[in-house]
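Asks: Below: one structure in structure tokens.
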Amino acid sequence: GLKDEVDVHNYAETLRISEAFNRTLKRMQMLDASRQEFVSNVSHELKTPITSIRVLADSLMGMEGAPVELYREFMEDISNEIDRESQIIDDLLSMVRLENKEQTLNISQVSINEMMELLLKRLRPIAKKRNIELLFESFRPVTADIDEVKLNLAVTNLVENAIKYNQDSGWVKVSLNADHKFFYIKVTDNGCGIPEDAVEHIFERFYRVDKARSRETGGTGLGLSITKTIVQLHHGAIKVHSKLQEGTTFVVRIPMIYIKE
Ligand code: ADP
């Protein structure tokens, strides 16, 4: 009768709600686990330079009467660790700001050629220090609707990596191209390359192929995750091709016209 129908309906509804509840709970638990992992990673990253500074400072204090050069050497190490700590904090701040949903893109029409020229001019001295050639080729002038500050950071991360993970006297080629809809920024280096099984992880936060080497080269493992987030905010895409010992290419593709969702 009617009552049975109502019961069946209620039962189905209850089941539906309880399934939805379980799904939400599971999602929250997963979120919580990844947040915990994130906090634990951040704490570890922030503590590492502090630990080094502690050891260096303690040694300095125990070195009464040591030669001045030795003091200077220790102070230099401390200064480097402070730089490293600052870099981690800067990267973290960039990342947190990007995650803040209220923070939208500050879109304006920008000459990508000019942006690239300035960006490369800024990085050229860093490349020069290691005798790395930094080349730029533009196939056509591009103007696009972008957040210049953010895209600048995204591309800077790629070019900095291409320099960092290169050999002395290597080269980095940056190119700009476009079709009717998208522009493409390509960054190619002839550096150490990325192992095949690592490629799928490089956009993850804190992921570094070679922790020891990256430490030497001052990486935080946040750069590429920041770059990817920025590219995605622009409704773009990023791809990587790499061959170990031969080099790496990153291609960023961004629509020239930004359509707000
Ligand atoms: P990091 O601060 O360590 O450079 P990123 O997120 O920018 O962090 O990059 C993650 C890892 O990907 C790096 O530690 C490095 O192992 C690898 N990687 C990134 N770019 C390159 C490149 N151009 N050549 C070789 N390896 C790279």
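Asks: Going residue by residue through the stretch 85-107, is there one that turns out to be in contact (Cβ under 8 Å) with a residue 12 or more places away in the chain and among the basic types (Lys, Arg)?
Replies: Taking the stretch 85-107 first, the residues in contact (Cβ under 8 Å) with a residue 12 or more places away in the chain are 85, 87-89, 91-92, 94-95, 98-99, 105-107.
If we keep only those that are among the basic types (Lys, Arg) too, we end up with none.
So far as the stretch 85-107 goes, no, none of its residues is in contact (Cβ under 8 Å) with a residue 12 or more places away in the chain and among the basic types (Lys, Arg).
Asks: Could you tell me whether ARG140 is within 13 Å of the ligand (Cβ to nearest atom), more than 17 Å from ILE238 (Cβ to Cβ), in contact (Cβ under 8 Å) with a residue 12 or more places away in the chain and not in a helix (DSSP H, G or I)? Steps first, please.
Replies: Working: within 13 Å of the ligand (Cβ to nearest atom): no; more than 17 Å from ILE238 (Cβ to Cβ): yes; in contact (Cβ under 8 Å) with a residue 12 or more places away in the chain: yes; not in a helix (DSSP H, G or I): yes.
No, not satisfied.
Asks: Testing LEU151 on (1) near the ligand (Cβ under 7 Å from one of its atoms); (2) open to solvent by less than 20 Å² (accessible area, probe 1.4 Å), one condition comes back false. Which one is that?
Replies: (1)
Asks: Out of all the residues in the stretch 159-200, which are closer than 29 Å to GLN109 by Cβ, of a type in the set (Gly, Ala, Ser) and open to solvent by 60 Å² or more (accessible area, probe 1.4 Å)? Steps first, please.
Replies: Of the stretch 159-200, the ones closer than 29 Å to GLN109 by Cβ are 159-162, 172-188.
Filter once more, so that each one left must be of a type in the set (Gly, Ala, Ser): 162, 175, 178.
Across the stretch 159-200, there are no qualifying residues.
Asks: Can you tell me how many residues in the stretch 48-62 are part of a loop (DSSP other than H, G, I, E, B) and open to solvent by less than 30 Å² (accessible area, probe 1.4 Å)?
Replies: 0
Asks: Under 9 Å between Cβ atoms, which residue pairs at least 6 apart in sequence (or on different chains) link something in the stretch 29-43 that is modelled with pLDDT of 80 or more with a partner that is in a helix (DSSP H, G or I) and surrounded by 12 or more Cβ atoms within 10 Å (Cβ to Cβ)?
Replies: Within 9 Å, the pairs are VAL42/ILE88; VAL42/LEU92.
Asks: Restricting to the stretch 72-128, count the residues that are open to solvent by 70 Å² or more (accessible area, probe 1.4 Å), under 21 Å from ALA144 (Cα atoms) and not in a helix (DSSP H, G or I).
Replies: Of the residues in the stretch 72-128, 4 are open to solvent by 70 Å² or more (accessible area, probe 1.4 Å), under 21 Å from ALA144 (Cα atoms) and not in a helix (DSSP H, G or I).
Asks: Residues in the stretch 173-191: is at least one among the β-branched types (Val, Ile, Thr), closer than 22 Å to ILE259 by Cα and touching a helix residue (DSSP H, G or I) at 6+ places or on another chain (Cβ under 7 Å)?
Replies: Just the residues of the stretch 173-191 that are among the β-branched types (Val, Ile, Thr), to begin with: 174, 185, 187-188.
Narrowing the set further to residues that are closer than 22 Å to ILE259 by Cα leaves 185.
Now drop any that are not touching a helix residue (DSSP H, G or I) at 6+ places or on another chain (Cβ under 7 Å), which leaves 185.
Taking every residue of the stretch 173-191 in turn, at least one turns out to be among the β-branched types (Val, Ile, Thr), closer than 22 Å to ILE259 by Cα and touching a helix residue (DSSP H, G or I) at 6+ places or on another chain (Cβ under 7 Å).
The values are calculated or read from the model by the stated rules, or taken from the named source; none is laboratory data. Computed from a predicted structure; not experimentally measured. Neighbour counts are summed over all protein chains in view; Cβ atoms, including those assigned to glycine, are modelled from backbone coordinates with ideal geometry. Quick note on the areas: whole protein, heavy atoms, side chains included, nothing else; ligands and nucleic acids left out. Shrake-Rupley method; radii C 1.70, N 1.55, O 1.52, S 1.80 Å.
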